[in-house]
Amino acid sequence: FKILLDQELDLFPSLHIPKLDMTKVEEAVELLKKSKRPLIISGAGVIRSGAADELYEFATKNNIPVTSSLLGLGGFPGDNKLFLGMGGVHGSIATNIIIQEADFVLAVGTRLDNRLTCDTEGFLDQAKVVHILTLRKIKK
């Protein structure tokens, strides 16, 4: 085959990145500390942004179970004792019960779309939710 284009393409347009509000970060940390049943929902953004190692370190250091969206599979090791498998319509009943019983959810790199939420009516109403937008990997 013949290579027609040999350059790196930026498929994700530049996004406005707001300045990090440390009071919001501190508030999220306090909510996590007070929680009894925390949970991390991991999505494809974890993989796309290259944040899988940071997710692993955070989850294991804090002993927080992790579930994944379909496109987020691989962002957290599937053989780790903290991994619950997928949630939502493609997930297990047990994982979906754990999602609905969580009192704090850290949603990382996931859109929380309808394949995960099934029905947004009542989804995570019982939990404090911190949603982290992940961006593309930054070149170092």
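Bear in mind these aren't lab numbers, they're just calculated from the coordinates by the rules spelled out. This is a predicted model, so every value here is computed, not measured. Positions of Cβ are generated from backbone atoms using ideal geometry, with glycine treated the same way; all protein chains shown enter the neighbour counts.
Numbers at a glance
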| read-out | value |
| --- | --- |
| Peptide ranges 54-61, 100-107, 26-33 listed from the most packed, as the mean C-beta count within 10 angstrom indicates | 100-107, 54-61, 26-33 |
| Cβ-defined net charge surrounding T60, 15 Å radius [Lys, Arg +1; Asp, Glu -1] | -2 |
| Stretch gain in nm, segment A94-N63, where the contour uses 0.36 nm per residue and the Cα spacing is subtracted | 9.3 nm |
